[in-house]
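Below is one structure, written out as structure tokens; comments come after it.
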Amino acid sequence: MSSSPPKTGAPKIGFVSLGCPKALVDSERIITLLRAEGYELSATYEGADAVVVNTCGFLNSAKEESLAAIGEALAANGKVIVTGCMGVEADRIRASHPGVLAITGPQQYEAVVEHVHQAVPRPHDPFLDLVPPQGIRLTPRHYAYLKISEGCNNACSFCIIPSLRGRLTSRPIGEVLREAERLVAAGVHELLVISQDTSAYGLDLGYAKSAWRGSEHEARFLSLAQALGSLGAWIRLHYVYPYPHVDQVLPLMAEGRVLPYLDIPFQHASPPVLKAMRRPAHQEKTLQRIERWRALCPELALRSTFIVGFPGETEEDFAFLLDWLSQARLARVGCFKYEDVDGAQANALPGHVPLGLKEERYARLMQHQQAISAAVLAGRVGKTIEVIVDEVDDEGAIARSHWDAPEIDGSVYLNGQTALAQGDRLRVRVTHADEYDLWAEPIGSAVCAEKGQYAEA
Ligand code: SF4
């Protein structure tokens, strides 16, 4: 946010959204409520009548970033309402920024709106019909996040999400499917299914059935994937744990109904470290499970994140992880250096790893994985794949394949393809690869995804 256009008409609210995709969904809900009441969004602090800052409280570095964002909004605007994960630490926020108007925790949509009313009275005549039925989204028009549950029943020792967001609370499946349907009808071509633990979906509801399109569907991971797979959009599953029942969605991936992509935050591979982390499914034989998945769906891409330098991680544990990565051949990997999070149990574990050693292990893991990713992606050269276009400029189009989630994975560059449009889906032949990205050429003519079919070459 920067320069300041003149204020006219409806009251304007500035919005800063920090943190993970789940927080982004919270922001979208709050903005939808505000727009339904006739508020408008401001792209600048100065043009806003008040600013909402949706914070992240996951890591200490994220909290620092949140405090800095609050300070910036206060300096530029003066009327600031804080919400989100860091909102549960109201004392800390007030100690740094006593001038904030109000502080709420995550998912407190109505409370945020109430505080906005107090700061900036709601417009007299709400323009309800200005809000599209699918709500307001902060993502580009062609993809959207679909949050299926809140909270988490696990107790990973490095994580405070369960204390921030509570235990698993799944949305009824009918409600999720109706939202998905509205999004697709509004032009969304890719749904990114998110939660804290997608494989646990529905457990808290006793897998209760609800109606959608004239039949009953169970609130269960498999039923959800099946129903979403009937919508004709790309369905991408995030935050899945390697439980045995996950095997059941692999045939849907092989049939092309769900993208052949699983985002599984393994975090480590060495059994003692996984045990100390108290990770879900840590006793599963994951390499065997991955092999089984690949037998069911050879096109499967796995993405994961790892933490290096967890308290007690020995050189043997780390070498085990590198060896595991060599065998697992994951397409996409992110890595974090362990850091303490206020309130997490892992802070008290013995054997904290010195910063220099953490940095060394981080660099070794990234280098090791780069060679694996480069080899995995080199295997894509010469293949025909489907891509979706994210951006077009005067040099060509930047797209993504089934293997690439937005923001976190690689891209497919289509040089010279300036006639494509955002959201187009087309088949391409891969001509070149490096360790993260692909380069490709279209096969036949470009196709507008709105038509739902590919043009003949
Ligand atoms: S699965 Fe573990 S890391 Fe993920 S939200 Fe739950 S407790 Fe935190």
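All of the numbers you see were taken from the coordinates with simple rules; none came from a lab. Fair warning: this is a prediction, and the values are worked out from it, not measured in the lab. Neighbour counts are summed over all protein chains in view; Cβ atoms, including those assigned to glycine, are modelled from backbone coordinates with ideal geometry.
Only Cα pairs under 8 Å and 6+ residues apart enter the sum, and on that basis the relative contact order of segment 143-378 stands at 17 percent. Normalised by 2.2 N^0.38 Å, where N counts its residues, the alpha-carbon radius of gyration of the chain equals 1.01.
Pairwise Cα distances in segment 350-407 exceed 15 Å in 70 percent of cases.
Positive end of the dipole of the chain (Cβ unit charges, origin at the Cα centre): among S411, S96, F58, the Cα lying farthest that way belongs to F58. Taking the fewest neighbouring Cβ atoms within 10 Å as the starting point, the ordered list for F336, F306, F221 is F336, F306, F221. Compactness of segment 143-378 is given as radius of gyration and Dmax, 18.6, 59 Å, from Cα positions. Note that segment 12-130 shows a convex hull volume over its alpha carbon atoms of 89 Å³ per residue. As a rough footprinting exposure proxy, the listed residues R278, R380, R303 were ranked by other beta carbons within 10 Å of their own, and the order from fewest upward is R278, R380, R303.
Going through the DSSP H helices of the chain, which span 30 Å or more along their own axis at the Cα atoms while scoring at least -0.5 as a mean Kyte-Doolittle hydropathy?
Length and hydropathy pass: 355-378.
The longest part of the chain holding none of the exposed loop GluC sites (Glu not before Pro), meaning those outside H, G, I, E and B in DSSP with at most 13 other Cβ atoms within 10 Å, is 1-254. Counting only DSSP H runs of at least 4 residues, each contributing -39500 (n - 2.57), and dividing by the residue count of the chain, the helix-based mean residue ellipticity at 222 nm comes to -9500 deg cm²/dmol. Can you give me the Cα centroid spacing of segment 228-307 and segment 404-444 in angstrom? What the calculation gives is 24 Å, centre to centre.
Considering Cα pairs under 8 angstrom that are at least six residues apart, work out the relative contact order of the chain and quote it in whole percent. Please report the intermediate quantities before stating the final value.
Numbers: 942 pairs, mean separation 43.1, N = 457.
Relative contact order for the chain comes out at 9 percent.
A Stokes-Einstein calculation at 20 °C with viscosity 1.002 mPa s, built on the Kirkwood radius of segment 384-451 over Cα pairs, returns a diffusion coefficient of 185 µm²/s.
Residues with beta-carbon under 11 Å from that of S170, excluding S170: net charge, scoring Lys, Arg +1 and Asp, Glu -1? After counting each charged neighbour, the total is 0.
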